[in-house]
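The values are calculated or read from the model by the stated rules, or taken from the named source; none is laboratory data. Treat the numbers as computed from the prediction; the structure is a model and nothing was measured. Counting neighbours? That spans all protein chains shown, and the Cβs are built from the backbone with ideal geometry, glycine included.
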Ligand SMILES: [Zn+2]
């Protein structure tokens, strides 16, 4: 049975000078409103042990707009400001549910600048998207078509550190599940490969990534040599952001390809449940990068499995997937990470460490599902 899902389509666009100025102003107001509301919530929380609601924050925003020093908030569309308060509300809900850390301030330099427009604040007609307070539609590079007859419900405009403008358009889309298949697969997150499958296949990390990372390191050293606050430093930082953006883009493309394939080919996909809370304890940079990739892979598998009628099972992180022999089921001592291959003393089977782990993850996943 086909289901209706919400799906975001992201495109680059090129703003006119007036649009860029309007958006920069809006980004600034969004950040200010978010930070100010966060400050007030933090005060109520620490001083009075009290939770502030979205309605209260929204009433406060109305008051801010009336004060002379914040009257400029009334010069941009009010919708992105309201949406910022909704995001803050969601961040606090996650914090209280112990799913996330305490919300932090949006920084001018480090946070991604963005503004979210709901239906009342944009017009989508004849394939043209016009935002509130703008006369002309955005000049969007339609790198792939929106689904036929799609009616966007939310539009998010952002600018990344590399200076690129993006618009993400949320639409409702009808997605039909794929025909059922017999195969199932276990996936092990690795350091050496992006992922190892229970079939024995290893999905390699991007080969170009090593070169890109060298370029990144070089660009970062250049930044360190430039005088703080200088134009040259700003230029060097932009260079770093561009290399970084390229790494992130390529990695996302690869993860999309891999996850689409896994979901197409398998009815049940078993993965290790590496939760965010457990992962932040790992400090090594290599580990942090592979954790980030794994998190994205997991998230993509989750929604694609739901779209296409597949089952994703997360196996407990503390399940000893590396210590069990997947052939005879004998439990062995914990193995140091540098041992990539081992022979089971009980049955004599020679195991690749990651493939063995992936097989065990599959078995545990099938037992759970
Ligand atoms: Zn064995």
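See the values below:
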item: Condition broken by residue 70, with the remaining ones in (1) more than 14 Å from residue 36 (Cβ to Cβ); (2) in contact with a helix residue (DSSP H, G or I) (Cβ under 8 Å, 6 or more places away or on another chain) satisfied; result: (1)
item: Which listed residue is within 16 Å of the ligand (Cβ to nearest atom) and under 30 Å from residue 260 (Cα atoms), from 326, 290; result: 326
item: Close pairs (7 angstrom Cβ cut-off, 6 or more residues apart or separate chains): closer than 20 Å to residue 199 by Cα and free of Cβ contacts under 8 Å to residues at least 60 places away in the same chain in the stretch 339-351, assigned to a loop (DSSP other than H, G, I, E, B) and more than 10 Å from the ligand (Cβ to nearest atom) anywhere; result: 342/335
item: Number of positions in the stretch 303-318 that are surrounded by fewer than 17 Cβ atoms within 10 Å (Cβ to Cβ) and either within 16 Å of the ligand (Cβ to nearest atom) or farther than 18 Å from residue 179 by Cα (or both); result: 3
item: Members of the stretch 330-350 found to be more than 33 Å from the chain's Cα centre (by Cα), in a loop (DSSP other than H, G, I, E, B) and either within 6 Å of the ligand (Cβ to nearest atom) or under 18 Å from residue 188 (Cα atoms) (or both), listed by number; result: 330, 344, 346, 347, 349
item: For residue 52: the one exception among (1) part of a helix (DSSP H, G or I); (2) in contact with a helix residue (DSSP H, G or I) (Cβ under 6 Å, 6 or more places away or on another chain); (3) in contact (Cβ under 8 Å) with a residue 12 or more places away in the chain; result: (1)
item: Qualifying residue in the stretch 275-287 (condition: at pLDDT 90 or above, under 20 Å from residue 205 (Cα atoms) and surrounded by fewer than 13 Cβ atoms within 10 Å (Cβ to Cβ)); result: no
item: Residue match in the stretch 353-363 (condition: more than 22 Å from the chain's Cα centre (by Cα), outside any helix (DSSP H, G or I) and either more than 16 Å from the ligand (Cβ to nearest atom) or modelled with pLDDT under 95 (or both)); result: no
item: Residue match in the stretch 186-195 (condition: out of contact with any strand residue (DSSP E or B) (no Cβ under 7 Å at 6 or more places or on another chain) and farther than 20 Å from residue 309 by Cα); result: yes
item: Subset tally (residues that are surrounded by 12 or more Cβ atoms within 10 Å (Cβ to Cβ) and either within 24 Å of the chain's Cα centre (by Cα) or in a helix (DSSP H, G or I) (or both)) for the stretch 218-227; result: 5
item: Condition check for residue 216: in contact with a helix residue (DSSP H, G or I) (Cβ under 8 Å, 6 or more places away or on another chain) and without any contact (Cβ under 8 Å) to a residue 60 or more places away in the chain; result: yes
item: Identity of the residue in the stretch 55-99, without any contact (Cβ under 8 Å) to a residue 24 or more places away in the chain and part of a loop (DSSP other than H, G, I, E, B), that ends up surrounded by the most Cβ atoms within 10 Å (Cβ to Cβ); result: 99
item: Counted residues, the stretch 1-17 - those being in contact (Cβ under 8 Å) with a residue 24 or more places away in the chain, more than 23 Å from the chain's Cα centre (by Cα) and surrounded by fewer than 14 Cβ atoms within 10 Å (Cβ to Cβ); result: 5
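To keep it simple, each residue is scored yes or no on (1) under 26 Å from residue 5 (Cβ atoms); (2) in contact (Cβ under 8 Å) with a residue 12 or more places away in the chain.
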residue	(1), (2)
198	no, yes
206	no, yes
225	no, no
236	no, yes
246	no, yes
252	yes, yes
